[in-house]
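Have a look at the structure below before the remarks.
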Amino acid sequence: MSIAAAAFAEQGFSSTTMDDIGQRAGVSGPALYHHFASKEALLGEMLVDVSERLLNGAQLIRDSGAADALRCLVAAHCAFAVAEPSLITVQFRDLVNASAEDRDTVRKTQSRYVRVWVEVLQAVRPELDRRRATAAVLAVLGLMNSTPFSGSLGRVPLTQLLEQMSMAGLTAFIDGD
């Protein structure tokens, strides 16, 4: 799926054909139809899969009871964001091209992912109400998910920068109503 993600990210979903993906994968485009009913189905499976992987990883971190669960969530998402910028680009730009069912599954899975983050953040910062914790989590996820547009700092320095900025954003003093 990383081959398809790269193709969609570079060319856009509408401009990419199954033949383009097949050529990159070293197979014929029609051979892909043995695995996916359509290009839309491939996109949907890709986006549902990445959403579920992120959620499952976050749940494992939360359920581990680790004292540094928030730092682990940040590190895991930063590693994903730096390693998989094509998936982030496709998610951001092309989710609209997935089937209604897949869009709904992705959105619900992402909402559950955010809720896990909010639970962990509120355990660290119990003074934050759910609304503020959710806003902080969404802002930090937006920062991390901006990596496809971050230039070429290099994988390790970019990951370190994102982790530092994300932790600072989540643990900063938040005042107001």
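Only the coordinates and a few stated rules stand behind these numbers; no lab work does. A quick note: this is a predicted structure, and the numbers were derived from the prediction, not measured. No Cβ is skipped: glycine too gets one built from the backbone with ideal geometry, and neighbour counts run over all protein chains shown.
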Which of the chymotrypsin sites (Phe, Trp or Tyr not before Pro) found in the range 69-177 are in a DSSP loop and have at most 16 neighbouring Cβ atoms, other than their own, within 10 Å?
Phe173
Which of these, Gly22, Gly65, Gly44, has the largest mean-square fluctuation under a Gaussian network model of the chain (Cα springs below 10 Å)?
Gly65
Using the Kirkwood formula on the Cα atoms of the range 39-171, what hydrodynamic radius do you get, in angstrom to one decimal?
15.2
Per-residue ³J(HN,Hα) for the range 120-134, Karplus 6.51 cos²θ - 1.76 cosθ + 1.60, θ = phi - 60°, Hz, x for Gly and Pro:
5, 4, 5, 5, 7, 10, x, 6, 7, 6, 4, 4, 5, 4, 5
Listed highest first by mean packing, meaning other Cβ atoms within 10 Å per residue, what order do 10-16, 68-74, 53-59 come in?
68-74, 53-59, 10-16
For every other residue with a beta carbon closer than 14 angstrom to the beta carbon of Arg71, add +1 if it is Lys or Arg and -1 if Asp or Glu, then tell me the sum.
0
Where labels lie 7 Å past Cα in the beta-carbon direction, separation of Asp63 and Asp19 in nm
4.6
For Val156 and Val124 in one chain, what is 0.36 nm times their gap in residues minus the Cα-Cα distance, to one decimal in nm?
8.9 nm
